[in-house]
Structures are given as C-alpha cells and as structure tokens.
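Read through the structure below, which is laid out as structure tokens, and then see the notes.
The values are calculated or read from the model by the stated rules, or taken from the named source; none is laboratory data. Everything numeric in this text was worked out from a predicted model, so none of it was measured. Here the Cβ positions follow ideal geometry from the backbone for every residue, glycine too, while neighbour counts run over all protein chains shown.
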Amino acid sequence: MVGTPAARAGASRPEHEVPLRAEGVLTDGGPDTVRFLDAEGNRLQTDEANAPYAKIVEDMTPDDAQRLYRDLVLVRRIDAEGHALQRQGELGLWPSLLGQEAAQVGAGRAMRKQDYAFPGYREHGVAWCRDVPPENLLGMFRGVNHGGWDSNSHNFHLYTIVIGNQMLHATGYAMGIQRDGDVGTGDPERDAAVMAFTGDGGTAQGDYNEALVFASVANAPLVFFVQNNQWAISEPNYKQFRIPPYQRARGFGFPGVRVDGNDVLAVYAVTKAALDAARDGQGPTLIEAFTYRMGAHTTSDDPTKYRSAAEVDIWREKDPIKRMRGFMETKGYADATFFDQIDQEADELAARIRVACQQMPNPELPTMFDDIYVEPHPVIEAERTEFVAYHASFEQEGAQS
C-alpha cells in the first residue's frame, strides 16, 4: 500500500524530499563526477569516471595550461569590474559568474571556430572565449545597445534573458547545421556543433525540456551545458529537480555527464569529447557542470537571505583559479613572473573596459525602433513617428516658457 495514491495522501513527507545540504550532496558531485584536480590542484588518479577523458588532458601542453589560467584570471576580472560598475551607477544590472569561471572557460575553449554558442545571460566567460569584446557586454547592461555584438561574427548568439528560451533556439540551429550537411563529413574544418548554456534553474522550464525532445529525436549535433551552481535565484536544487540534470538525459535518449565545474581541465576534456561526438553525427550530449555561484544571482539579489556563509566558505576552498594555479606550480608550468604578468594584464583590461563603459554614448531615442523587423513595418514606423513627436513636444514647451 506504500505506493498507492491513498497511502501517499496520508503519509508524512518522504525522507528523500527533505532538503539535503550536507557533504556529498552540496559540495561533491559524487562518484560519477569527472574530475582531474583536487581542491589544491593535485592531479588525481585515473578512475572509472575520468578514464574516458584522460588522454585529452594528458595531451595538453604547458602552453595550454597557461592559456587556460590566463582566461580564468581575465574573465574573473571582467566580472569584478562589471559588478563594481553596477554598484557605482554605471550599469543597470550585472549577473556575476564568480566561481563559475572554469565551467565557462573550459567549455568555451573546447569549441572550434565553426561551432555556435547560445548563452543565457551569465556566460561572460564563454563570450570571452568567442572573442566578444567585454566592453560589448557592458553596453547591453548599460542600456545603450540592443546586444552589443554581431552574433554571426563570433558564432555567439546574443544573451537571452527569458530563462531557457535559448535551448530551443540552439536546437533549431543545430538541426539546420545537420540539414546543411555540415555534420559527420570527416572534415574538421567543416563539421560543426552547437552548445546551449543554461543554469540549473533553467532545467525546470518547458523550453528546456522541449529542446531535449527535439534534439534527441533529430539526433542533432548539440551539447546542452547546464551550469549547476546549486541555486536558481533563491531556490535550492531540491526544489528544482528530483534527480540530477545529467541523469535526466537518459530519459530523453542520449548521454549525460557530470563534471567538476571548478576543474577547468575536466570541463575542457568532457566538453571536447561531447563536441567531437556531435560533429561526428553521434547526436546530443548533456553536460552538468557541478559548480557554485559565489556571488548573488544578479546585483539586485541578496543571497544572505537564503544561504549560509558557511556554505559559501566550503566552496571558496574549491576556487577554480586557486586549483589551476596549484596544478601549474606543482608541474612547474609557470613561475612567479608569469603569474605577476597575468595579474598586471588583468589590471590593464579592467582599466580599459571601465573607461570604455563610461564613455559609451547614449543612443538616439528613435533607434529603439530599429532592427525589430527585417523590412520596414507600418505599425513600427507609426510608433516611431509618434514617439519622436511626443518628445519634441517637451522641447517646444520648454522653448515657450
């Protein structure tokens, strides 16, 4: 009788529904998690989870490690500058990626030039890897442009504020690549794949689940990349799903992998393997990057209202930059001069984007009606005319007074 509706109706809350925030549930992804570095940057032994990706990591050179470390530091500095600019009134909003640098850099650097990324609104690290100038990210949050970059020039779509909506966009684009014959040809310069990024909260959206259905049945060349940062705004994971995102992929008919999202080597290796499979015509993969959002959901959020300082302290010890630096120092891949140079470059980048942000010109008011439709639209043109006349009326009143 335990499983019948009548029995469940009168039963107390099942034990597995109790919010579990203890060790092994919050801070560790479990035995299935692909990981190559521990919290101090020590190289871990090959095990069942990371063995399929070990050769990718072993083939990486000291130069590869230096490039990834540079990315991590510069992306974090861009994020810190965006946060500071918002607090000083220069930006309307800023969604921080603090703590998620390894997840985004590892995924972004695994992509080839012809691959296409569909971000949410926190993927500043992926944008960096796709050569989107960071000033352009600031322009959008300053409200002076419609997005700030040419998507097709970078193969990086505009940010999507509607939660989960980009997953369907990515699926459709991936199906288009497939129909264009740019999958499974064996030509590394031609075969392409798509990556769709979202957070753990996005997995509760209908668009997300619909995208997984379409990608699966179409065998689309698509990698779903879920950054499980443990909190969907103020909602913890146990209010978002009953089983982890990577396990849910099996129900849609394709593989799911959980990777340590604070280990840039592991993220790079897992993502590279998934993208290679997609380009080869093997269909979609879902990657769950198990990480943590160290800051607020956005600058309008106060995370102290819903999570403890002790929880944040636990994850601070798993910092992705500290981990990568420890690995490089242990291996002798870089010296103090290298790390100092990267810090200096980060300072110079921050100064550059701060000046650029403050000097961005305000757009002319009528331009808010531009680029809504490909061709001129009579309703939009009428609204533009009315809008311009309305604002001009204030100037006339001021001149008369």
Problem set entry | Among the candidates 110, 174, 170, 192, residue that is in contact with a Ser or Thr (Cβ under 7 Å, 6 or more places away or on another chain) and not acidic (Asp, Glu) | 110
Seminar exercise, completed: The condition of being in contact (Cβ under 8 Å) with a residue 40 or more places away in the chain and either under 14 Å from the mean Cα position of the chain (by Cα) or assigned to a loop (DSSP other than H, G, I, E, B) (or both) holds, among 210, 189, only for 189
For this session: Just give me the residues in segment 288-317 being hydroxyl-bearing (Ser, Thr, Tyr), assigned to a loop (DSSP other than H, G, I, E, B) and either without any contact (Cβ under 8 Å) to a residue 12 or more places away in the chain or not assigned by TED's automatic domain parsing to the domain that holds residue 236 (or both), in sequence order.
Result: 308
Exercise. Any chance segment 170-178 includes a residue that's within 23 Å of residue 201 (Cβ to Cβ), modelled with pLDDT under 95 and surrounded by fewer than 22 Cβ atoms within 10 Å (Cβ to Cβ)?
Worked result: no
Exercise. Could we say that residue 49 is surrounded by fewer than 18 Cβ atoms within 10 Å (Cβ to Cβ), in the same structural domain as residue 119 (by TED's automatic domain parsing) and either touching a strand residue (DSSP E or B) at 6+ places or on another chain (Cβ under 6 Å) or hydrophobic (A, V, I, L, M, F, W, C) (or both) here?
Worked result: no
Exercise. Condition test on residue 127, is it surrounded by fewer than 24 Cβ atoms within 10 Å (Cβ to Cβ) and not in a loop (DSSP other than H, G, I, E, B)?
Worked result: no
For this session: Determine which member of the set 67, 76 is charged (D, E, K, R), at pLDDT 95 or above and crowded, with 21+ Cβ neighbours inside 10 Å.
Result: 76
For this session: Out of 175, 195, report the one residue that is under 18 Å from residue 115 (Cα atoms), assigned to a strand (DSSP E or B) and in the same structural domain as residue 97 (by TED's automatic domain parsing).
Result: 195
Exercise. Considering only residues of segment 240-266 that are part of a helix (DSSP H, G or I) and in contact (Cβ under 8 Å) with a residue 40 or more places away in the chain, which is surrounded by the most Cβ atoms within 10 Å (Cβ to Cβ)?
Worked result: 264
Exercise. What do you reckon, is residue 310 at pLDDT 95 or above, loosely packed, with under 14 Cβ neighbours inside 10 Å, under 30 Å from residue 84 (Cα atoms) and not basic (Lys, Arg)?
Worked result: no
Problem set entry | Subset of segment 267-287 (residues that are in contact (Cβ under 8 Å) with a residue 40 or more places away in the chain, in a helix (DSSP H, G or I) and not small (Gly, Ala, Ser)) | 267, 268, 270, 271, 272, 275, 279
Problem set entry | Residues of segment 104-124 that turn out to be in contact with a Pro (Cβ under 8 Å, 6 or more places away or on another chain) and not in a loop (DSSP other than H, G, I, E, B), as a count | 1
For this session: Within segment 359-386, track down each residue that is under 23 Å from residue 92 (Cα atoms) and either in contact with a Ser or Thr (Cβ under 8 Å, 6 or more places away or on another chain) or assigned to a helix (DSSP H, G or I) (or both).
Result: 365, 366, 367, 368, 369
Problem set entry | Selection from segment 133-172 of residues that are in contact with a Lys or Arg (Cβ under 7 Å, 6 or more places away or on another chain), in a helix (DSSP H, G or I) and among the aromatic types (Phe, Trp, Tyr) | none
Exercise. From the set of residues in segment 318-358 that are basic (Lys, Arg) and assigned to a helix (DSSP H, G or I), which is nearest to residue 68 (Cα to Cα)?
Worked result: 325
For this session: May I ask you to list the residues in segment 274-299 that are among the basic types (Lys, Arg) and within 12 Å of the chain's Cα centre (by Cα)?
Result: 293
For this session: Determine which member of the set 279, 352, 316, 323 is among the basic types (Lys, Arg), crowded, with 21+ Cβ neighbours inside 10 Å and more than 23 Å from residue 120 (Cα to Cα).
Result: 323
